[in-house]
Amino acid sequence: MNPHQAPLTTEEKPAGRELDMTADVSLQLLEQATDGVVIINERNEIVFFNPAAEKLWGFTESEVLGRNVSCLVPSVYRGDHDSYIYKNRKTGVNRIVGTSREVTFENKAGDYISGEMSISTALLGPEKKRYYMAFMKGVTEESHRRKLLDLQNTVFQAISNDMQVEDVADLVCREVESFVPNTVSAIILLDENNRLSILSGPGLPRRYAAALENMSLTEGDLAALGNDLSEANSIVWDSYRSLGISLGLHNCWASAIKSRNGRISGIFALYSRNQYKLSDWPQKIVSGCVPFCSVVIENYEAQQHISQLANHDSLTGFLNRTAIHKVIKSMIDRPGDNRFAVFMIDIDRFRDINDTLGHMNGDAFLRAIAERLKMMSRSNYILSRSGGDEFVIVMPDSDEERATAFAESLIKAMQEPIEIAGNLLVVSLGIGISLFPENGPDGESLLGHAEIAMRRCKKEARGGYCVSSTADNRAAQDRLLLGSALRESLAKGMLNLHYQPQVDIKTGRLYGVEALSRWKHPTLGNIYPSRFIAVAEDTGQIETIGTWSLEEATRQIIDWERKGLYVPTVSVNLSAAHFRNRGLPALIERILKERTLNPERLTVEITESVMMDENEDTMEGLAAIRNLGVGLSMDDFGTGYSSLSRLSRLTRLPLTEIKIDRSFIMNLEHDPNAQAVTTAVIGIGNRLGMTVVTEGVETEAQLKLLQGLNCDVVQGYLFARPMAPADMLAWSQDAGRRLEASISEANARQSGQPA
């Protein structure tokens, strides 16, 4: 008899065949079968239950006969079990019938047992009622080992295919939960501070997970785990048993996870919702999972380390520039009414600290600043070091009022001195604030507007904060538009130079000209130099303009000379960026050689920021330019941050002239202070052997005063406005000659001699 076939009744006996066994014989064979046999009738009631089945399930025959077969399946499936059978009765579609499969069932003690089950069905009796017969064979531990080996192979394959480690951990938990129904599993990490954190535990109740994540292990805990991995059970269960039971968890099996270097790196835990005590095979499954859980954790830690290097600043541990852009983008993409503030923070005069105390102490100072920013920030704020001495803080759920209050608290916190290498340093910050969505719509805009506000703050309110304004936004758009147009104009040669005469105050003769950039765009019209020069500096085009100015100005004075106008010298303005370029002296030397121009006929104007820059390359570059024979002029002297208190630096520079800014001349006739400053500067220039040039002379009275103060050269609207090269020729032939005669006559009157 085929054990998977129901016994035939005499009514179903084939014609002409003798009955070779009775129903009693068939039942006796089933009674003595080594596999458990269970037969159910059309009402899903158990009508046969052999001794092998009694041994497997732990029930006696009398305890189950007449009961619904669902009493033999795991409690988690009992409510739906009848519907599965009725579906087969109704459709005749056999998904389980006629197959063999491994299943988990629940015995009388509530223990889960693995078994291999096959089901047959037959229509019996005159009424053709459908009966089902199941054969169940208990699965050995070899089956459990096979499951774990399959899971291990799946884990290693997933890792080799670069699956996210969190997803691999979830896969492990789901598979183990399928091995032991009605359970939840968790892989728990142990971080460098010995705190627990859940790597994966999708079914773990939130309150229980939160309780575990608040735990820090002691040295005693670690020592106990090192001696016995199963001590993990006391850590993740014994201390929280009451909470677990209240959340429907009744048992736990756990094991510590050791990394290859012997460090306890985590815990694998399996919790049961079954109230009965199960056998020891769940603990064996947990212990069997530990080796590949260790691999999962090692890969997770490796990924975290790589992520740390890729997304974090190595000095402070804050997010780097790339990572903060990603964070801001994710915040912008969140649905709903989303508001937040972006702070761009710059440390005032950090370069002085770095230069004075050295780079190592400068780094220590930045770490101290970062620690103070972290201390002042809430746990949900995002902190970044975007480079150098600039930091970014993103403040979620913030409006302008909350943002400015936080900025004020940062400024106040920085008033407490920071000790670095025995020095107490008090820090001031420049803080720019932008708001989303007002200053959006993207991360670039938010960071850009915050940076613009920060720069405005450093100019107008050093040690304070500025909120991005509409004017700032318009200025940024202006720079973008003008920057693009300027780049195109430079490429097409659309810029030109105008020249303003400089007059020798003693003779009235032409001393030289200053070359001034002019830009007339075909659609934007005339763009003021103050506007496009600032854009050129911001967009990195200022060096290109300076190089073009040198080449064009030296070409022009050669051209004038061919046409009968001798210009003794031309002054060209260069930016601070030029003087940091080591190739500047060689560039000037090349241009002079190409023009066959005497070096004394070129003067290069520098700004006070160059004077204050003690960079070795800058100082060597200035000396090399002067050694060529080219003049060096200090432009707009007295208007920068150096002011007159740092005039001693003049003696270290190879200057040939200084230019007094027009702001001192505007009130020269009426303001005694302006007269005193002008007198002092002219006197200092004369004593240092420099030519003193005064800009912005507009009235005869100003000219007369400057003559009395022994100024050398004057320049301004009184003599001529900046003009095109062709107009300069006409001026020299007419107004220039009259001017020479006029000044000569005035000087003669002043000295009492005939003109």
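The values are calculated or read from the model by the stated rules, or taken from the named source; none is laboratory data. None of the values given here were measured: they were computed from a predicted structure. Counting neighbours? That spans all protein chains shown, and the Cβs are built from the backbone with ideal geometry, glycine included. Side chains included, ligands, DNA and RNA excluded: accessible areas come from the protein's heavy atoms. Shrake-Rupley method; radii C 1.70, N 1.55, O 1.52, S 1.80 Å.
Based on this model, can you work out whether residue 421 counts as in contact with a Gly (Cβ under 9 Å, 6 or more places away or on another chain) and either within 16 Å of residue 347 (Cβ to Cβ) or open to solvent by less than 10 Å² (accessible area, probe 1.4 Å) (or both)? Can you show your working first?
Numbers: in contact with a Gly (Cβ under 9 Å, 6 or more places away or on another chain): yes; either within 16 Å of residue 347 (Cβ to Cβ) or open to solvent by less than 10 Å² (accessible area, probe 1.4 Å) (or both): no.
It is false that residue 421 is in contact with a Gly (Cβ under 9 Å, 6 or more places away or on another chain) and either within 16 Å of residue 347 (Cβ to Cβ) or open to solvent by less than 10 Å² (accessible area, probe 1.4 Å) (or both).
State whether one or more residues within region 347-369 are of a type outside the set (Lys, Arg), within 19 Å of residue 468 (Cβ to Cβ) and out of contact with any Pro (no Cβ under 6 Å at 6 or more places or on another chain). No: region 347-369 contains no residue that is of a type outside the set (Lys, Arg), within 19 Å of residue 468 (Cβ to Cβ) and out of contact with any Pro (no Cβ under 6 Å at 6 or more places or on another chain).
Between a residue in region 296-310 that is closer than 22 Å to residue 151 by Cα and any residue that is modelled with pLDDT of 80 or more and loosely packed, with under 14 Cβ neighbours inside 10 Å, which pairs come within a Cβ distance under 7 Å, given they are 6 or more apart or on different chains? Within 7 Å, no pair qualifies.
For every residue, the table says whether it meets (1) in contact (Cβ under 8 Å) with a residue 12 or more places away in the chain; (2) part of a helix (DSSP H, G or I); (3) within 20 Å of residue 534 (Cα to Cα).
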| position | (1), (2), (3) |
| --- | --- |
| 567 | yes, no, no |
| 581 | yes, no, yes |
| 588 | yes, yes, no |
| 591 | yes, yes, no |
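Taking the listed residues 350, 343, 365, 318, the one that is closer than 20 Å to residue 191 by Cβ and open to solvent by less than 30 Å² (accessible area, probe 1.4 Å) is 318, with no other qualifying. The C-beta contact set for region 528-549 (first residue touching a residue at least 40 places away in the same chain (Cβ under 8 Å), second residue in a loop (DSSP other than H, G, I, E, B) and buried (at least 16 other Cβ atoms within 10 Å of the Cβ), distance under 8 angstrom, 6+ apart or interchain) comprises 535/541; 537/575; 549/574.
Starting from residues that are among the polar types (S, T, N, Q) and at pLDDT below 80, keep the ones in region 461-483 and report whichever is farthest from residue 413 (Cα to Cα).
First, pick out the residues of region 461-483 that are among the polar types (S, T, N, Q): 468-470, 473, 477.
In the following step, the residues that additionally are at pLDDT below 80 were identified as 469-470, 473, 477.
Values: 469: 26, 470: 29, 473: 30, 477: 34 Å.
Top of the filtered list is 477.
From the list 577, 536, 491, 553, the one residue that fits, being at pLDDT 90 or above and of a type in the set (Gly, Ala, Ser), is 553. Of all residues in region 119-145, how many are of a type outside the set (A, V, I, L, M) and either farther than 30 Å from residue 169 by Cβ or at pLDDT 80 or above (or both)? Summing the residues that are of a type outside the set (A, V, I, L, M) and either farther than 30 Å from residue 169 by Cβ or at pLDDT 80 or above (or both) in region 119-145 gives 13.
Could you list, in sequence order, the residues of region 292-328 that are more than 14 Å from the chain's Cα centre (by Cα) and not in a helix (DSSP H, G or I)? If you could, list the steps in order and put the result at the bottom.
Filtering region 292-328 for residues more than 14 Å from the chain's Cα centre (by Cα) gives 292-306, 315.
Of everything in region 292-328, just one residue is more than 14 Å from the chain's Cα centre (by Cα) and not in a helix (DSSP H, G or I), namely 315.
Checking the stated criteria, residue 210 turns out not to satisfy the condition of being free of Cβ contacts under 8 Å to residues at least 40 places away in the same chain, surrounded by 17 or more Cβ atoms within 10 Å (Cβ to Cβ) and part of a helix (DSSP H, G or I).
With modelled with pLDDT under 90 and under 17 Å from residue 500 (Cα atoms) as the only criterion, which of 733, 715 stands out?
None of the other options fit; the residue is 733.
Taking only region 369-410 into account, find how many residues are out of contact with any Ser or Thr (no Cβ under 6 Å at 6 or more places or on another chain), open to solvent by less than 10 Å² (accessible area, probe 1.4 Å) and not in a strand (DSSP E or B). Within region 369-410, residues that are out of contact with any Ser or Thr (no Cβ under 6 Å at 6 or more places or on another chain), open to solvent by less than 10 Å² (accessible area, probe 1.4 Å) and not in a strand (DSSP E or B) number 6. Please verify whether region 422-436 includes one or more residues that are over 20 Å from residue 364 (Cα atoms) and either polar (S, T, N, Q) or modelled with pLDDT under 85 (or both). The answer is yes; a qualifying residue exists. Per the conditions (1) surrounded by 17 or more Cβ atoms within 10 Å (Cβ to Cβ); (2) touching a strand residue (DSSP E or B) at 6+ places or on another chain (Cβ under 8 Å); (3) of a type in the set (Gly, Ala, Ser); (4) assigned to a helix (DSSP H, G or I), the sole criterion not satisfied by residue 230 is (1).
Only one of the numbered conditions (1) at pLDDT 80 or above; (2) assigned to a strand (DSSP E or B) is not met by residue 115, and that is (1).
Is it the case that residue 546 is open to solvent by 60 Å² or more (accessible area, probe 1.4 Å) and not β-branched (Val, Ile, Thr)? Quick ask: steps written out before the conclusion?
On the way: open to solvent by 60 Å² or more (accessible area, probe 1.4 Å): no; not β-branched (Val, Ile, Thr): yes.
So residue 546 does not fit the description; no.
Report yes if some residue within region 634-650 is in contact with a strand residue (DSSP E or B) (Cβ under 8 Å, 6 or more places away or on another chain), among the polar types (S, T, N, Q) and either open to solvent by 20 Å² or more (accessible area, probe 1.4 Å) or modelled with pLDDT of 85 or more (or both); otherwise report no. For region 634-650, residues in contact with a strand residue (DSSP E or B) (Cβ under 8 Å, 6 or more places away or on another chain), among the polar types (S, T, N, Q) and either open to solvent by 20 Å² or more (accessible area, probe 1.4 Å) or modelled with pLDDT of 85 or more (or both): absent.
For region 250-261, a residue qualifies if it is in a loop (DSSP other than H, G, I, E, B) and either small (Gly, Ala, Ser) or crowded, with 21+ Cβ neighbours inside 10 Å (or both), and exactly one does: 259.
Considering only region 704-723, how many residues are aliphatic (A, V, I, L, M) and either open to solvent by 10 Å² or more (accessible area, probe 1.4 Å) or assigned to a loop (DSSP other than H, G, I, E, B) (or both)? Steps first, answer last, please.
We begin by selecting, within region 704-723, every residue aliphatic (A, V, I, L, M); these are 705-706, 709, 713-714, 718, 720, 723.
Filter again for either open to solvent by 10 Å² or more (accessible area, probe 1.4 Å) or assigned to a loop (DSSP other than H, G, I, E, B) (or both), leaving 705, 709, 718, 720, 723.
Counting residues in region 704-723 that are aliphatic (A, V, I, L, M) and either open to solvent by 10 Å² or more (accessible area, probe 1.4 Å) or assigned to a loop (DSSP other than H, G, I, E, B) (or both) gives 5.
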